[in-house]
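Worksheet: one structure, shown below.
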Amino acid sequence: MKTKTTVSLPTTGLRSLLCALLGLVCLGLQAQTASNRIDSILPVRGLSISAPGPKGIDAFITFIEKELAPAHFNLLILRVDWGYAYESHPELRDENPLSRADVKKIVAACRKHGIEIAPQINLLGHQSWAKKTGNLLKVYPQFDETPHVITENYPGWPNPDGLYCKSYCPLHPDVHKIVFALIDEITEAFETKLFHAGMDEVFYIGDARCPRCGGHDKAELFAGEVTRLRNHLALQGKRLMIWGDRLIDGKTTGIGEWEASLNNTHRAVDLIPKDVFVCDWHYDRPDKTPVYFAAKGLDVAICPWRKPAVALEELSDMIAFRKGSTPEMRNRFRGLIATVWMGNEGFLRSYYENKAGETESDALTLRKLIEAFKKIDGGAI
Ligand SMILES: [Zn+2]
């Protein structure tokens, strides 16, 4: 018989009250007020992209100044992961990481143009990719949720182990001391009140063989980890952003196991604090799930990828949702965050190559969105 055990969430008593108070004044995206036409139509205009390496910093800053700033972008989610020279945990650095001085150059450029930065470290899931184990589990294999699955044997997807990416065990007693130190250091280096924890495509959670998680409710395990990270940030007046897929019921909606959850995590949507910012990614079809998140009381941005037609329809949906909603719902529809899933330097090359005849690509989609943002600002949309 399956045993259901409640995983206690770490908000209790005075700490809970303090978190709630901080949540109300939580900085970043929620606090923006409309100051011009585009701010009122689409408050958040973002790009999510991997951070450049040290040699790519100058080119990336030029891209920010020449492309993003004139198109009124105001948010940059930078996937840093282990590519920063962490002082708190130097053992987790990639080779050739960004230095503090590198980061400060990006910070200065973004500040000049009113662009907020949310550095991202993939937490919980995405601790491996294909045959490569990420630095956290490589250095601390005791945090592995599924140590019986050998990453080096990854045969491709699908496979009998259900291995896509490894996860850390959210109930391991030593993992958060390290994770919190990394979050503190990266948000301090980027001088920001926003942190993106990834948390997408978490397939390994509550594994039956994990001595801590086995038998627990997966929605409660997922919500417990979101809440733990959120509370750590909220105590410093900072805000958590996550990808939204684990919070959507993939079976009932038909959205499936990637852009939604087929592993019973979706009830977490009702268990997490309401100030978590949801990045709702849908790449092949403009699913209307922002309405679901907003109706749950969560701020949401829609996140397209490499199909321009889908991206433009998602943009149009977001504008319509804001227009057609009650005052209570309207401001939870925050905007659109474009995603780029190739290396930073490679992306910049493809952006400026502007290949003729291309119908789908990260670069083409971003160019189309940049045109659209300029049209919104100019009153043409
Ligand atoms: Zn576990």
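The values are calculated or read from the model by the stated rules, or taken from the named source; none is laboratory data. This is a predicted model, so every value here is computed, not measured. Counting neighbours? That spans all protein chains shown, and the Cβs are built from the backbone with ideal geometry, glycine included.
Would you be able to say whether some residue in segment 173-195 is away from the ligand (no atom under 16 Å from the Cβ), in a loop (DSSP other than H, G, I, E, B), within 17 Å of the chain's Cα centre (by Cα) and among the β-branched types (V, I, T)?
Yes, that holds for at least one residue.
Just the residues that are under 17 Å from L137 (Cβ atoms) and within 11 Å of the ligand (Cβ to nearest atom), please, taken from segment 196-210.
Residues of segment 196-210 that are under 17 Å from L137 (Cβ atoms), as a first pass: 197-199, 201-205, 207, 209-210.
Passing the criteria: Y204, I205, D207, R209, C210.
Among the residues of segment 235-256, is there at least one that is more than 16 Å from the ligand (Cβ to nearest atom), under 19 Å from the mean Cα position of the chain (by Cα) and among the polar types (S, T, N, Q)?
no
Among the candidates L123, L78, single out the residue that is crowded, with 22+ Cβ neighbours inside 10 Å, modelled with pLDDT of 95 or more, under 24 Å from L221 (Cβ atoms) and not aromatic (F, W, Y). Lay out the reasoning, then the answer.
Numbers: L78 fails: under 24 Å from L221 (Cβ atoms).
After ruling out the rest, the residue left standing is L123.
In segment 50-75, how many are assigned to a strand (DSSP E or B) and touching a helix residue (DSSP H, G or I) at 6+ places or on another chain (Cβ under 6 Å)?
To start, the set of residues in segment 50-75 that are assigned to a strand (DSSP E or B) comprises 50, 75.
Right, trim to touching a helix residue (DSSP H, G or I) at 6+ places or on another chain (Cβ under 6 Å) and you get 50.
Going through segment 50-75 one residue at a time, the tally reaches 1.
Name the single residue, out of those in segment 133-160 being of a type in the set (D, E) and within 16 Å of the ligand (Cβ to nearest atom), that is surrounded by the fewest Cβ atoms within 10 Å (Cβ to Cβ). Even if it seems obvious, please write down each step before you answer.
In the first step, residues of segment 133-160 are kept if they are of a type in the set (D, E); the result is 144-145, 152.
Filter once more, keeping what is within 16 Å of the ligand (Cβ to nearest atom): 144-145.
On the way: D144: 24, E145: 27.
Among residues in segment 133-160 that are of a type in the set (D, E) and within 16 Å of the ligand (Cβ to nearest atom), the one surrounded by the fewest Cβ atoms within 10 Å (Cβ to Cβ) is D144.
Go through (1) aromatic (F, W, Y); (2) in contact with a helix residue (DSSP H, G or I) (Cβ under 8 Å, 6 or more places away or on another chain); (3) away from the ligand (no atom under 16 Å from the Cβ) one by one and return the number of the condition F222 breaks.
Here F222 meets the rest and fails (3).
In segment 238-267, what residues are part of a loop (DSSP other than H, G, I, E, B) and among the charged types (D, E, K, R)?
Step one: filter segment 238-267 for residues part of a loop (DSSP other than H, G, I, E, B), giving 238, 244, 248, 254-260, 262-265.
Listed by number, the residues that qualify are K238, E257, E259.
Being more than 13 Å from the ligand (Cβ to nearest atom) and buried (at least 21 other Cβ atoms within 10 Å of the Cβ) is the filter here; which residues of segment 225-234 pass it? Write out each step before concluding.
Of all residues in segment 225-234, those more than 13 Å from the ligand (Cβ to nearest atom) come to 226-234.
Those that are more than 13 Å from the ligand (Cβ to nearest atom) and buried (at least 21 other Cβ atoms within 10 Å of the Cβ): V226, T227, L229, R230, L233, A234.
Rundown of residues vs (1) touching a Lys or Arg at 6+ places or on another chain (Cβ under 8 Å); (2) within 21 Å of A118 (Cα to Cα); (3) of a type in the set (S, T, N, Q), yes/no style:
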residue: F333; (1), (2), (3): yes, yes, no
residue: S350; (1), (2), (3): no, no, yes
residue: G357; (1), (2), (3): no, no, no
residue: K374; (1), (2), (3): no, no, no
residue: G378; (1), (2), (3): no, no, no
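Answer with yes or no whether L163 is in contact with a strand residue (DSSP E or B) (Cβ under 7 Å, 6 or more places away or on another chain) and of a type outside the set (S, T, N, Q).
Details: in contact with a strand residue (DSSP E or B) (Cβ under 7 Å, 6 or more places away or on another chain): no; of a type outside the set (S, T, N, Q): yes.
Spelling it out, it is not the case that L163 is in contact with a strand residue (DSSP E or B) (Cβ under 7 Å, 6 or more places away or on another chain) and of a type outside the set (S, T, N, Q).
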